[in-house]
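The values are calculated or read from the model by the stated rules, or taken from the named source; none is laboratory data. This one's a predicted model, so the numbers in the text were calculated from it and none came from an experiment. We place every Cβ from the backbone using ideal geometry, glycine too, and count neighbours over all the protein chains shown. Side chains are part of the model used for accessible areas, which takes the heavy atoms of the whole protein and leaves out ligands, DNA and RNA. Shrake-Rupley method; radii C 1.70, N 1.55, O 1.52, S 1.80 Å.
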Amino acid sequence: MDHSTYENAPNFKGKTVKSKIAFRVTREPDGTFKFKARLVAKGFTERKGYDYFHTYAPTVLTKAVHMLLHLAATNDSEIRNLDVGGAYLEANVDTDLYMEIPKEFSIDGITKTVKLKKSIYGLKQSGELWNAHIHKIFISLGFTRSIDDPCVYARI
């Protein structure tokens, strides 16, 4: 699946964010193993004020979840939630951010540099970029953000 996450930047000579491949093995219900690999940024190599500016991303309050469950049960309402696979890959990067691909993927010993177009896991600002992206989508669909909890949206 192509997310158009980055574009090649072979002539870039400035500071880059480092990256690595994160491997994970999961066991499927049938007993087989599934091997996964994900390219992630080494966020600790980012520089505040240059590579990123803000990192705030809200998390839902436990009492907000309890309140919503109570209201739904009391009013015989329906609650829906969603889980977006590869969520960070949907949000656009808001600065010029260059990343060095791991050396294992270099060709003839030449390190490959790319310009990030989308947010990826490991970047310090990924959570904030995803939150801004999903907020725009919810607003365009007619939802309103709660004043008390920025993670709760309602459409009435």
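Below are the figures for this structure:
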item: When segment 40-88 is reduced to its Cα atoms, the Kirkwood hydrodynamic radius in Å; result: 14.6
item: Angle between the chain longest axis and helix 126-140 axis [Cα atoms, degrees, rounded to 10]; result: 50
item: 16 Å Cα-Cα reach of K48 towards aspartates and glutamates, excluding residues that sit fewer than 8 places from it in its own chain; result: D94, D96, E128
item: Flagged links, alpha-carbon separation over 26 Å, of K112/K136; K103/K124; K13/K36; K20/K63; K34/K115; K42/K136; result: K112/K136; K13/K36; K20/K63; K34/K115; K42/K136
item: Mean accessible surface per residue for segment 47-156, computed with a 1.4 Å probe while every protein chain stays in place, in Å²; result: 69
item: Computed over segment 10-112, Kirkwood Rh from alpha-carbon pairs, angstrom; result: 18.3
item: Helix axis angle, 62-74 relative to the chain longest principal axis, alpha carbon, degrees; result: 40
item: Segment 58-156 - percent of accessible surface contributed by carbon and sulfur, probe 1.4 Å; result: 55
item: Local electrostatic count at V152 - Lys and Arg +1, Asp and Glu -1, tallied over other residues with Cβ under 14 Å; result: +2
item: Restricting segment 109-156 to chymotrypsin sites (Phe, Trp or Tyr not before Pro) in coil, as DSSP defines it, with at most 10 other Cβ within 10 Å; result: none
item: E90, E78, ranked by accessible area, largest first (probe 1.4 Å); result: E78, E90
